[in-house]
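S.K.: This structure is in C-alpha cells; I'll ask about it shortly.
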Amino acid sequence: MDILNIKGGVPLQGHIKAAGAKNAMTKLLVASLLSDKACTFYNVPNILDVEITVNLCKEIGSEVEWDRKEKTLRIITRELKTSYVPQKYSGSNRIPILMIGALLGRTDEDIIVPTIGGDLIGSRPVDLHIHALQKLGARIEYREMKKEGAYLAQAHQGLKGAVISLEYPSVGATENTILAAVRAKGTTLIKNAAIEPEIIDLILFLQKLGANIMVDVDRTISIQQTHRFQEVEHTVLTDRNEVASYAMAAISTKGRVFVEGAEHLHMIAFLNKLREIGGCFTIKQNGIEFFYESELKGGLHLETDVHPGFMTDWQQPFVVLLTQAKGASVIHETVYENRFGYTHMLKEMGADIELFTQCLGGKQCRFASSNHQHSLVVKGPTVLKGHSFCIPDLRAGFAYVMAALLSSETSQISNVEFLDRGYEELVQKLTALGANITRESTLKKPSGDKKMTLHQLLKVDNLAKSL
C-alpha cells in the first residue's frame, strides 16, 4: 500500500500536458474486439484502468503491444480464445459489462461476464444495458457464481436492429448498445442516448473501423449493420476530468497553470461555472491557462447532469474549490444517488458543508423523495487543516489531494492506487507545478498478490460508487 505525504499552502505554478481520456481509452479497447483487424491508438494514458482493460482483452485472445513511453498501443484480436471473462475482473469500473455488447456479434458461444452483484453495481444502469441488448435479440440472465455473480449472454440466432429508447441517457448503456448494434442486422436507433465527448470519440473510432453511425440533434444515434472492417489509427481525446482537476487545484491554491491539450469544446459547462465564482482562464491555441486573480465569490447554484451539462466527476473537487469562495453555494447531484460520502473528511478538515435529501435546485431530479443525500450547501472561505485520508474512490481521491494542497499543514493520503486508475503521473505533475508531495510504500507486496489486491481494489471502488 502506498501513501502520499502532502504539505500544502503553495500556489501551483507551471505547465503540464493532459493525458488521454480514461473514459475513452478503456471503451476503445473493448470496441476493438468487434473486428479481427489491427487497431493502433495514440495518446494512450499510462494509468491502471487501461492496464486492467488490456489484461482483460488479453484474457479472451487479444494481442497487445503497448509502448507506455511513446503512449502508443496496438491491439489485434484475430480470434477469440474464450468468451468467459474471469471473476478477477469483477466490478472493474464497469468495463466487463461492456464486453457483452462487443462480443455478442463476434461469437455464437455463451458469454459470461462477472459483476459484484446486482445491487452493488447499481441496478438501474445495469437494467438499462440489459433491456437494450434484449431488444436487439440477446438473451441475458444473472447467475450466482463463486459467491459474486455473473451475467450470461448469448445471441445464437444473431442480433437484429431495433428502436431502443433509454429511460435515462446512461453513458454505459449507450456504449454497450452501440457496440452490439454494429453487427446487428439492419438498422438500430438509440433514442435519448448519451452524447458525451467520449461517446463521440467512440463513434469516430467505429466509423474508421467501418461502421456507419450518425448522431442526430435530438439525442438519437443511428447504427447500420457493418459487414466489413478495416485497420484503424486513432488518437485518443484529452481527459477532460484531468484538465478540470488541475484547473481547480491551480485556482484554489491561488496559482497559475497552463494545461496543454485542454479542449475548449469539452469544457464549456465547467468553464462557465468557474467564471461565475471568479476563477480565471485564457483559451490558447494548444490548451487552456487557469489562474487566480481575485477573491472567489460563492452564491453559486450548480446541478450535475449528463453532457452537455456539468459533469458529475467534476463535482467533488469543485466542492473543495467552493470552500475557498466567499459565501454559500448549492450543489445538486442528479447523476448518482449518493456521491457526497467524501464530504465528511472535508468537514473534519474544517469545511462548512451540510447535506440534504431534498432537491436543492431549479428542478426535481429522479432522486426526489428517495431519501438519498444528493444536495449540499457549502460555505466559505475556510481554512482547511491537515488530515489523514483513506481514498474511497477515484474522484474523491483527487478532492482529498486538492484539500491537502490547500492546507499549510501536512496531510497523509492512503489507498493511492485509486488515483493510479485515472491520473497519469500525478506526483510528477504536481511536483513540476511546485507542490510539496511525496509518495512512499508502507508495505512490501508479497509476490503473487497483485491480482488479489487489484480485485479487492475494484470491488471497494464499485461499492463506494453505489453507496
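The values are calculated or read from the model by the stated rules, or taken from the named source; none is laboratory data. Worth saying up front: this structure is predicted, and the values here are computed from it rather than measured. So basically every Cβ, Gly included, is an ideal-geometry build from the backbone, and we count neighbours across all protein chains shown.
S.K.: Quick one: how many residues across region 407-425 are part of a helix (DSSP H, G or I) and crowded, with 22+ Cβ neighbours inside 10 Å?
M.R.: Count: 2.
S.K.: Within region 349-356, can one find any residue that is touching a Lys or Arg at 6+ places or on another chain (Cβ under 6 Å), over 17 Å from Ala249 (Cβ atoms) and not charged (D, E, K, R)?
M.R.: Scanning region 349-356 turns up at least one residue that is touching a Lys or Arg at 6+ places or on another chain (Cβ under 6 Å), over 17 Å from Ala249 (Cβ atoms) and not charged (D, E, K, R).
S.K.: What single numbered condition from (1) β-branched (Val, Ile, Thr); (2) at pLDDT 95 or above; (3) surrounded by fewer than 24 Cβ atoms within 10 Å (Cβ to Cβ) fails to hold for Val401?
M.R.: (3)
S.K.: List every residue pair whose Cβ atoms sit under 6 Å apart, with the two residues 6 or more apart in sequence or on different chains, where the first one lies in region 240-254 and is assigned to a loop (DSSP other than H, G, I, E, B) and the second, anywhere, is surrounded by fewer than 24 Cβ atoms within 10 Å (Cβ to Cβ).
M.R.: Every condition considered, the pairs that remain are Thr253/Pro11; Lys254/Pro11; Lys254/Tyr292.
S.K.: Among the small types (Gly, Ala, Ser), in the same structural domain as Gln225 (by TED's automatic domain parsing) and modelled with pLDDT under 90: is that true of Gly149 in this structure?
M.R.: yes
S.K.: Tell me which of these Asp216 doesn't satisfy, since it passes every other one: (1) surrounded by fewer than 22 Cβ atoms within 10 Å (Cβ to Cβ); (2) among the acidic types (Asp, Glu); (3) under 23 Å from the mean Cα position of the chain (by Cα).
M.R.: (3)
S.K.: Of the numbered conditions (1) touching a strand residue (DSSP E or B) at 6+ places or on another chain (Cβ under 6 Å); (2) not assigned by TED's automatic domain parsing to the domain that holds Ile200, Gly9 satisfies every one except a single condition; which is it?
M.R.: (1)
S.K.: Being part of a strand (DSSP E or B), crowded, with 22+ Cβ neighbours inside 10 Å and out of contact with any Phe, Trp or Tyr (no Cβ under 6 Å at 6 or more places or on another chain) narrows it down to one residue among Val378, Val335; which is it?
M.R.: Val378
S.K.: Now for a different question. Here is a check on your reading of the model: is Ile76 crowded, with 16+ Cβ neighbours inside 10 Å and more than 28 Å from Ser170 (Cα to Cα)?
M.R.: It is true that Ile76 is crowded, with 16+ Cβ neighbours inside 10 Å and more than 28 Å from Ser170 (Cα to Cα).
S.K.: So, one more: Sort out which residues of region 353-373 are in a loop (DSSP other than H, G, I, E, B) and either modelled with pLDDT of 95 or more or hydrophobic (A, V, I, L, M, F, W, C) (or both), and write them in order of number.
M.R.: Within region 353-373, Cys359, Leu360, Cys365, Phe367, Ala368 meet the criteria.
S.K.: Assuming Thr323 fulfils every condition listed in (1) more than 30 Å from Ile200 (Cβ to Cβ); (2) in contact (Cβ under 8 Å) with a residue 60 or more places away in the chain; (3) out of contact with any helix residue (DSSP H, G or I) (no Cβ under 9 Å at 6 or more places or on another chain) apart from one, which condition is it?
M.R.: If we test Thr323 against (1) more than 30 Å from Ile200 (Cβ to Cβ); (2) in contact (Cβ under 8 Å) with a residue 60 or more places away in the chain; (3) out of contact with any helix residue (DSSP H, G or I) (no Cβ under 9 Å at 6 or more places or on another chain), just (3) comes out false.
S.K.: On to the next question. How many residues does region 358-371 contain that are free of Cβ contacts under 8 Å to residues at least 60 places away in the same chain and closer than 21 Å to Pro317 by Cβ?
M.R.: So the answer is 1.
S.K.: In the set Ala194, Ala153, Ala173, which member is touching a residue at least 60 places away in the same chain (Cβ under 8 Å) and either of a type outside the set (Val, Ile, Thr) or part of a loop (DSSP other than H, G, I, E, B) (or both)?
M.R.: Ala194
S.K.: If you don't mind, another one. If you take the residues in region 28-61 that are more than 22 Å from the chain's Cα centre (by Cα) and part of a loop (DSSP other than H, G, I, E, B), which one is nearest to Ile95 (Cα to Cα)?
M.R.: My answer is Ile60.
S.K.: Taking only region 273-288 into account, find how many residues are part of a strand (DSSP E or B) and either in contact with a strand residue (DSSP E or B) (Cβ under 8 Å, 6 or more places away or on another chain) or loosely packed, with under 11 Cβ neighbours inside 10 Å (or both).
M.R.: Counting residues in region 273-288 that are part of a strand (DSSP E or B) and either in contact with a strand residue (DSSP E or B) (Cβ under 8 Å, 6 or more places away or on another chain) or loosely packed, with under 11 Cβ neighbours inside 10 Å (or both) gives 6.
S.K.: Is region 342-352 home to any residue that is assigned by TED's automatic domain parsing to the domain that holds Thr312, part of a loop (DSSP other than H, G, I, E, B) and in contact with a Cys (Cβ under 7 Å, 6 or more places away or on another chain)?
M.R.: Checked against the condition, which is being assigned by TED's automatic domain parsing to the domain that holds Thr312, part of a loop (DSSP other than H, G, I, E, B) and in contact with a Cys (Cβ under 7 Å, 6 or more places away or on another chain), region 342-352 yields no hits at all.
S.K.: Could you pull out the residue among Thr82, Thr107 that is within 17 Å of Ala150 (Cβ to Cβ) and without any contact (Cβ under 8 Å) to a residue 24 or more places away in the chain?
M.R.: Thr82
S.K.: Considering only region 1-27, state which residues are part of a helix (DSSP H, G or I) and of a type outside the set (A, V, I, L, M, F, W, C).
M.R.: The answer is Lys22, Asn23, Thr26, Lys27.
S.K.: In region 381-398, how many residues are crowded, with 17+ Cβ neighbours inside 10 Å and either within 21 Å of the chain's Cα centre (by Cα) or closer than 12 Å to Val330 by Cα (or both)?
M.R.: Residues that pass the stated criteria total 8.
S.K.: Tally the residues that are under 21 Å from Met25 (Cα atoms), at pLDDT 50 or above and of a type outside the set (Lys, Arg), restricting the search to region 415-457.
M.R.: Qualifying residue count, region 415-457: 9.
S.K.: Would you mind stating whether Arg240 is out of contact with any Phe, Trp or Tyr (no Cβ under 7 Å at 6 or more places or on another chain), modelled with pLDDT of 95 or more and surrounded by 17 or more Cβ atoms within 10 Å (Cβ to Cβ)?
M.R.: Judged against the criteria, Arg240 is a match.
S.K.: When you scan region 307-321, do you find a residue that is farther than 12 Å from Met248 by Cα, out of contact with any strand residue (DSSP E or B) (no Cβ under 8 Å at 6 or more places or on another chain) and surrounded by fewer than 17 Cβ atoms within 10 Å (Cβ to Cβ), even just one?
M.R.: Yes, that holds for at least one residue.
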